[in-house]
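**Q** My questions will all concern the structure given below.
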Amino acid sequence: MSVPKYPRVLPCGDAAITVEFGDIIDDEVNARVLALDVALSEVRLPGVTETVPTYRSLLVHYDPIVIGFDELKARALALAGERRRSNRPTRRWRIPVVYGAEYGIDLEFIANNVGLSVDEVVAFHCAGTYRVFMLGFMPGFAYLGGLDPLIAMPRRREPRQNAPPGTVSIGGIQAAVQSVPGPSGWHWIGRTPLRVYARDREPMCLLEPGDHVQFFAISAEEWDTYAGRCEQFVEYEVA
Amino acid sequence: MIGLRVIDPGYMSVQDAGRFGAQRYGLSPAGAMDLFSLAVANALLRQKAASAAVEIGPFPATLSVVGGPVRLALAGADRKILIDGDEAKLNTTLLVQEGTKVSLGATRLGMFSYLASEGGIDAPAQLGSLSVEVRASFGSPYPRPLREGDFIPLHAASLAHAEQYIALEAPPHAPIRVVLGPQDDYFYKETIESFLRCRWTVSPTSNRMSYRLDGEALAHAKGYNIVSDGIVMGHIQVSGAGQPLVMLADRGTTGGYPKIATIITADLGRFAQIPIGGGVTFEKVSVDEAQRVAREFSREMQALPSRVRTQNATISDSKLLLRLNLAGDAVDALADAAEQ
């Protein structure tokens, strides 16, 4: 009889554990990570100090003076088996993008490489519904899954240093919106006036794991119309 | 305004224990590289172990006191401390008058010193911390490492206090202890043995984000890409080239290289103090053992204030005492007493 491999608990030193639900990028695996995150925040386990959901695992920081590894492991596994769901409705963001030209300097490169027209690449990019799997790498940087494999493109060999905030990019089979200025090895296809990270805004980060994202094309002339009121482009849907 | 003016910043930033709770949003916690030494500096000044201080890296640095007298204490990496040219000691409080220049030499041993001040740094916390996270624009009083001309607001010294010191034994020259994992199954058994046997050298490309270790290349058993997961302080990632990268205070919150082992909490500060070019070996311990040591370490941190002693002025300090204008202070001390 084979023992199910997941979920499993791995030590990260003496003050954190990783609860793994798989080793793939997958909606269901990610949903279970987020469900454990919600469950842990609801039970308020003494000693648990911070949790960090990622693609396929939940990192749980704890104070070993308050709770030991064995007890936390048992409690986490019990909660992981409950498959509890968040009460929060799934949020669907609609993000305006100016595609191509100086806004997306790699759009033509991608079109040439995948054998589609620029308009077709934009159409495929806008047709998808993307899932926010996790935030990481930089403040507010959301990894989006759900890109059409027809417009997937491996990362650049050399990253560029200063991607402007709002840069909409493709890296492998993932999509992203640049949150703060910084390096990017992904291909830049457009830019949005939406600020997914703003230090003094509540919320600081617009996109959260489990959210859905769609993109729609706007013209460069419409940039100012959309800038500054981007938080309006969210629709709520009950999961 | 009382405080310190930065004359030569070296590699200096304001740090406390770090900013926690926002790692899920991709914000690095930052914080002191050596929390034990930060706690020593604060214990000397009878304040909370994690109060913010100026963290000073291995290069020389100079500050000047402006606006009034402050009481300072330097702990952590040993270096020459000159107060207007007169030598002062590590792990000792010092009343320093307005206009005085505080010059710190390059570290003799170690990487980071902590310059704490009585009352802490007078700047607002952001999400519970003053620590600097550059990408997220967090940090107080500046959202970046310190530069020439910056002003660090402090509190005026309480003049009536006697100066304090603490005697610390040198940290042991023992291996840095690790718990294997979380991805030790991504390496051959022989690779893990090599990792534990090799004497590693801290690479010159190391910084507050991570220390790179030079030694032998470590072979991955299942490739060097994992689906990215969370990173803690002390995680040892192994890069595609087989080089260990020890993730430290300014680490990214997630990473895609397999992590062969994790440094235990009690040894993080001792590891961060290994200078560039310095050697290090690792020793494997169980999670249970690591947690026993963590409890011991926590007790040791809590016991620091009880080890602080009052210093008696000696003849050799007379020059310093004269310059500190003790007569004027005595008047102030009487005035304080009269008000009570």
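**Q** Could you sort the residues of the stretch B:1-34 by number and keep only those whose accessible area is reduced by 50 Å² or more in the all-protein-chain setting relative to the chain alone, 1.4 Å probe?
**A** Buried on complex formation: B:Gln23, B:Arg24, B:Tyr25.
**Q** Then there is this: Against the longest alpha carbon principal axis of chain A, how many degrees, from 0 to 90 and to the nearest 10, is the axis of helix A:27-43 turned?
**A** It is inclined by approximately 50 degrees.
**Q** Further, regarding this structure: State whether the stretch A:8-81 is rounded, prolate or oblate according to the following rule on the C-alpha gyration tensor (a ≥ b ≥ c being the square roots of its eigenvalues): a/c under 1.5 gives rounded; otherwise a/b larger than b/c gives prolate, and the remaining case gives oblate.
**A** prolate
**Q** Below 25 Å, Cα to Cα, which lysines can B:Lys48 reach? Residues fewer than 8 away in the same chain don't count.
**A** Candidates past the 8-residue exclusion: B:Lys89.
**Q** Per the 1.4 Å probe, what fraction of the accessible area of the stretch A:90-237, in percent, lies on carbon and sulfur atoms?
**A** It is 50 percent, rounded to a whole number.
**Q** Post the alpha-carbon centroid distance, the stretch A:48-63 to the stretch B:32-74, in whole angstrom.
**A** Taking the Cα centre of the stretch B:32-74 as reference, the centre of the stretch A:48-63 is 31 Å away.
**Q** Using modelled backbone amide H atoms (1.01 Å from N, in-plane), which distant-in-sequence or interchain residues come within less than 5 Å of B:Phe187's amide H?
**A** The answer is B:Ala221.
**Q** Return a whole-number percent for the relative contact order of chain B, with Cα pairs under 8 Å and 6 or more residues apart as the contact set.
**A** Numbers: 823 pairs, mean separation 65.9, N = 340.
Relative contact order here is 19 percent.
**Q** How many square angstrom of accessible surface are buried between B and A, both sides summed, with a 1.4 Å probe and rounding to 100?
**A** 3300 Å²
**Q** Calculate, for chain B, the solvent-accessible area per residue in square angstrom, rolling a 1.4 angstrom probe over the heavy atoms of the protein chains.
**A** With all protein chains present, chain B gives 42 Å² per residue.
**Q** Summing -39500 (n - 2.57) over the DSSP H runs of n ≥ 4 in the protein assembly as shown and dividing by its residue number, what mean residue ellipticity at 222 nm do you reach, to the nearest 500 deg cm²/dmol?
**A** -5500 deg cm²/dmol
**Q** Still on this structure: How many percent of Cα pairs in the protein assembly as shown exceed 47 Å?
**A** Working: 33728 of 167331 pairs.
That tail contains 20 percent of the Cα-Cα pairs.
**Q** Against the longest alpha carbon principal axis of chain B, how many degrees, from 0 to 90 and to the nearest 10, is the axis of helix B:326-339 turned?
**A** Helix B:326-339 sits at roughly 90 degrees to that axis.
**Q** Based on the alpha-carbon gyration tensor of chain B, what equivalent-ellipsoid semi-axes (square roots of 5 times the eigenvalues) come out, in whole Å, largest first?
**A** 40, 20, 18
**Q** Tell me the net charge near A:Tyr55. Cut-off is 10 Å between Cβ atoms, A:Tyr55 excluded, with +1 for each Lys or Arg and -1 for each Asp or Glu. Numbers along the way, then the final one.
**A** Working: positive: A:Arg56; negative: A:Asp23, A:Asp26, B:Asp229.
My count for the surroundings of A:Tyr55 gives -2.
**Q** Roll a 1.4 angstrom probe over the protein heavy atoms and tell me the percent of accessible area of the stretch A:4-78 that is carbon or sulfur.
**A** Here it works out to 54 percent.
**Q** Nearest 20 debye, what's the magnitude of the dipole of the protein assembly as shown about its Cα centre given +1 on Lys and Arg Cβ and -1 on Asp and Glu Cβ?
**A** Result for the protein assembly as shown is approximately 700 debye, rounded to the nearest 20.
**Q** Continuing with the same structure: Using only Cα atoms, find the angle between the long axis of helix B:287-303 and the longest principal axis of chain B, and express it within 0 to 90 degrees, rounded to the nearest 10.
**A** 0 degrees
**Q** A follow-up question, please. What accessible area per residue comes out for chain A, rounded to a whole number of Å², with a 1.4 Å probe?
**A** For chain A, the per-residue accessible area is 44 Å².
**Q** With a cut-off of 8 Å between alpha carbons and a minimum separation of six or more residues, what is the relative contact order of chain A in percent?
**A** Relative CO of chain A lands at 21 percent.
**Q** Treating cross-link reach as a plain straight distance, find the aspartates and glutamates whose alpha-carbon is under 14 Å from the alpha-carbon of A:Lys5, omitting any fewer than eight places away in the same chain.
**A** Correct list for A:Lys5: A:Glu20, A:Asp23, B:Asp185.
**Q** Would you mind checking which residues have amide H under 5 Å from B:Arg177's amide H? H placed 1.01 Å from N; only 5 or more apart, or other chain.
**A** Answer set, sorted by chain and number: B:Ile264, B:Glu283.
**Q** With the solvent-accessible surface defined on protein heavy atoms using a 1.4 Å probe, which residues belonging to the stretch B:126-171 display a reduction of at least 50 Å² in accessible area in the multichain context relative to the isolated chain?
**A** The answer is B:Arg135.
**Q** What does the charge add up to near B:Ser129, with Lys and Arg as +1, Asp and Glu as -1, over the other residues with Cβ less than 11 Å from its Cβ?
**A** Numbers: positive: B:Arg19; negative: B:Asp16, B:Glu133.
Value of the local net charge: -1.
**Q** Still on this structure: I'd like the residues of the stretch B:230-276 whose 1.4 Å-probe accessible area shrinks by no less than 50 Å² going from the isolated chain to the full set of protein chains.
**A** Flagged in the stretch B:230-276: B:Val232, B:Thr254.
**Q** Please list, in chain and number order, the residues 5+ apart from B:Phe112 or on another chain whose amide H is under 5 Å from its amide H, with Hs placed from the backbone.
**A** The list, which skips near neighbours in sequence, is B:Ala77.
**Q** Given an 8 Å cut-off on Cα distances and at least 6 residues of separation, report the relative contact order of the stretch B:54-126 as a percent.
**A** Dividing the mean separation by the residue count of the stretch B:54-126 yields 45 percent.
**Q** Give me the lysines in straight-line cross-link reach of B:Lys259: C-alpha distance below 16 Å, same-chain residues under 8 apart excluded.
**A** B:Lys189, B:Lys222, B:Lys284
**Q** Solvent-accessible area of B:Lys101, probe 1.4 Å, all protein chains present, reported in Å² to the nearest ten, please.
**A** Here the residue's solvent-accessible area equals roughly 100 Å².
**Q** I've got another one for you. Could you give the distance between the Cα centres of the stretch B:134-174 and the stretch B:180-211, to the whole Å?
**A** Each part reduced to its Cα centre gives a spacing of 32 Å.
The values are calculated or read from the model by the stated rules, or taken from the named source; none is laboratory data. This one's a predicted model, so the numbers in the text were calculated from it and none came from an experiment. Positions of Cβ are generated from backbone atoms using ideal geometry, with glycine treated the same way; all protein chains shown enter the neighbour counts. All accessible areas refer to the heavy atoms of the entire protein, side chains included, with ligands and DNA or RNA removed. Shrake-Rupley method; radii C 1.70, N 1.55, O 1.52, S 1.80 Å.
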